[in-house]
């Protein structure tokens, strides 16, 4: 097993169509046995990063270290890593046994008996022993995925690379495979880099998530830290479903308290020491849907809002609200189900209010008290 370290990793495409920076000055260190998940919108550079680690894309500048070796100039076969692709990439005319054994046969000096033993061990680990003599056309999507994982695991690599391996599976199987992948990675203890656009996969599987946007690494942190203490507005709104409500607001300071106002509506009142802004300053406020408490009686609430749409979800409801020329989404218990057009009261705990700089988008306050907000915010890449 080994660590993985990326230092100033940059990829620039320069051709007749123009010059485009796909990944810019990316720094990241994954500890031995850590499960790191790259997540971000389409085109953010996460797959390009993975392909550079794998050796499938050349590196414009920067270094890639696996263990104590720089590998960015080495061929993929010399990097001691294994990759699982979104498309599975199985040989359609080979059995599962032959697919799993293929890498061993062509990249090691193991004899036939030793290769067979390793294949059998991996098949048992993945619960696919009964599939070893089947070809891919005889397998389900989940079974193909296990065979693809087996082909990677059997090589005992220092680093696993997984490129959206669950995206072709249905929702139920994808959920089950998430758990199985975590169990397998934990048993093997192999440093793993996983790429996905699905934030649920990122939040549930990762030791740390690496959030990217427009080729730049925005934040690297444990999922709960990135969710509660995002470094900027992009991370805050990218993580969470439904997305965080964000809107422009004005700081109205009075004594030891600060009120956030928009169009004359007071959205929340906070202790003055939790808001690092002067009286009258313009800020971007953020409220997560699950932090909006709705009272249909509209009593003792922070502010009132009109219900525009109520979406029944079974275990909870999504309420779409309107107030002060602003649309908000609240995630509420299933017994809270007002009719469209009703006026409801909405309460917000001051600790759950997020604030961002409207120009730099940098987080000024995250979840918790002022001290908790500052202590728990990890550094951004540039810092």
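Tally the residues that are on the phi > 0 side of the Ramachandran plot and either at pLDDT below 95 or surrounded by fewer than 13 Cβ atoms within 10 Å (Cβ to Cβ) (or both), restricting the search to the stretch 9-32. Talk me through it step by step, then tell me what you get.
Step one: of the stretch 9-32, the residues on the phi > 0 side of the Ramachandran plot are 18, 25.
Applying the additional criterion that residues be either at pLDDT below 95 or surrounded by fewer than 13 Cβ atoms within 10 Å (Cβ to Cβ) (or both) yields 18.
Residues in the stretch 9-32 being on the phi > 0 side of the Ramachandran plot and either at pLDDT below 95 or surrounded by fewer than 13 Cβ atoms within 10 Å (Cβ to Cβ) (or both): 1 in total.
Which residue out of 334, 338 is without any contact (Cβ under 8 Å) to a residue 24 or more places away in the chain, out of contact with any helix residue (DSSP H, G or I) (no Cβ under 7 Å at 6 or more places or on another chain) and assigned to a loop (DSSP other than H, G, I, E, B)? Working first, answer last.
On the way: 338 fails: without any contact (Cβ under 8 Å) to a residue 24 or more places away in the chain.
That would be 334, the only listed residue that is without any contact (Cβ under 8 Å) to a residue 24 or more places away in the chain, out of contact with any helix residue (DSSP H, G or I) (no Cβ under 7 Å at 6 or more places or on another chain) and assigned to a loop (DSSP other than H, G, I, E, B).
Here is a list of conditions, (1) more than 26 Å from residue 94 (Cα to Cα); (2) touching a helix residue (DSSP H, G or I) at 6+ places or on another chain (Cβ under 7 Å), and residue 179 meets all of them except one; can you say which number that is?
Unmet condition: (2).
Identify all residues within the stretch 242-276 that are part of a loop (DSSP other than H, G, I, E, B) and buried (at least 17 other Cβ atoms within 10 Å of the Cβ); write none if there are none. I'd like the intermediate steps shown before the answer.
Of the stretch 242-276, the ones part of a loop (DSSP other than H, G, I, E, B) are 242-244, 255-256, 263-264, 275-276.
Within the stretch 242-276, 244, 275 meet the criteria.
Does residue 69 satisfy the condition of being out of contact with any helix residue (DSSP H, G or I) (no Cβ under 6 Å at 6 or more places or on another chain), under 30 Å from residue 26 (Cα atoms) and crowded, with 16+ Cβ neighbours inside 10 Å?
Here the answer is no, as residue 69 does not meet what is asked.
What strands (runs of 3 or more DSSP E), lying completely within the stretch 13-91, carry at least 2 residues that are within 25 Å of the chain's Cα centre (by Cα) and either without any contact (Cβ under 8 Å) to a residue 12 or more places away in the chain or farther than 24 Å from residue 187 by Cα (or both)? It would help to see each step written out before you state the result.
Details: elements: 18-30, 35-39, 61-66, 81-84.
Passing ranges, in order: 18-30, 61-66.
Do we have any residue at all in the stretch 130-151 that's in the same structural domain as residue 37 (by TED's automatic domain parsing), out of contact with any helix residue (DSSP H, G or I) (no Cβ under 9 Å at 6 or more places or on another chain) and part of a helix (DSSP H, G or I)?
If we filter the stretch 130-151 for residues that are in the same structural domain as residue 37 (by TED's automatic domain parsing), which is where we start, we get 130-151.
Cutting the leftovers down to out of contact with any helix residue (DSSP H, G or I) (no Cβ under 9 Å at 6 or more places or on another chain) gives us 137.
Applying the additional criterion that residues be part of a helix (DSSP H, G or I) yields 137.
Within the stretch 130-151 (the criterion being in the same structural domain as residue 37 (by TED's automatic domain parsing), out of contact with any helix residue (DSSP H, G or I) (no Cβ under 9 Å at 6 or more places or on another chain) and part of a helix (DSSP H, G or I)), the answer is yes, since at least one residue qualifies.
How many of the residues making up the stretch 332-360 are surrounded by 17 or more Cβ atoms within 10 Å (Cβ to Cβ) and more than 26 Å from residue 310 (Cα to Cα)?
Within the stretch 332-360, residues that are surrounded by 17 or more Cβ atoms within 10 Å (Cβ to Cβ) and more than 26 Å from residue 310 (Cα to Cα) number 4.
Tell me the residue from 226, 206 that is in contact with a helix residue (DSSP H, G or I) (Cβ under 9 Å, 6 or more places away or on another chain), touching a residue at least 12 places away in the same chain (Cβ under 8 Å), farther than 22 Å from residue 48 by Cα and surrounded by 23 or more Cβ atoms within 10 Å (Cβ to Cβ), please. Can you show your working first?
Numbers: 206 fails: farther than 22 Å from residue 48 by Cα.
Selected residue: 226, the only one of 226, 206 that is in contact with a helix residue (DSSP H, G or I) (Cβ under 9 Å, 6 or more places away or on another chain), touching a residue at least 12 places away in the same chain (Cβ under 8 Å), farther than 22 Å from residue 48 by Cα and surrounded by 23 or more Cβ atoms within 10 Å (Cβ to Cβ).
Return yes or no: is residue 279 surrounded by fewer than 18 Cβ atoms within 10 Å (Cβ to Cβ), more than 21 Å from residue 362 (Cβ to Cβ), in the same structural domain as residue 340 (by TED's automatic domain parsing) and more than 30 Å from the chain's Cα centre (by Cα)?
Details: surrounded by fewer than 18 Cβ atoms within 10 Å (Cβ to Cβ): yes; more than 21 Å from residue 362 (Cβ to Cβ): no; in the same structural domain as residue 340 (by TED's automatic domain parsing): yes; more than 30 Å from the chain's Cα centre (by Cα): yes.
No.
The values are calculated or read from the model by the stated rules, or taken from the named source; none is laboratory data. What you see is a predicted model, and the numbers here were worked out from it, not measured in a lab. In this analysis, Cβ positions are derived from the backbone assuming ideal geometry, glycine residues included, and neighbour counts consider all displayed protein chains.
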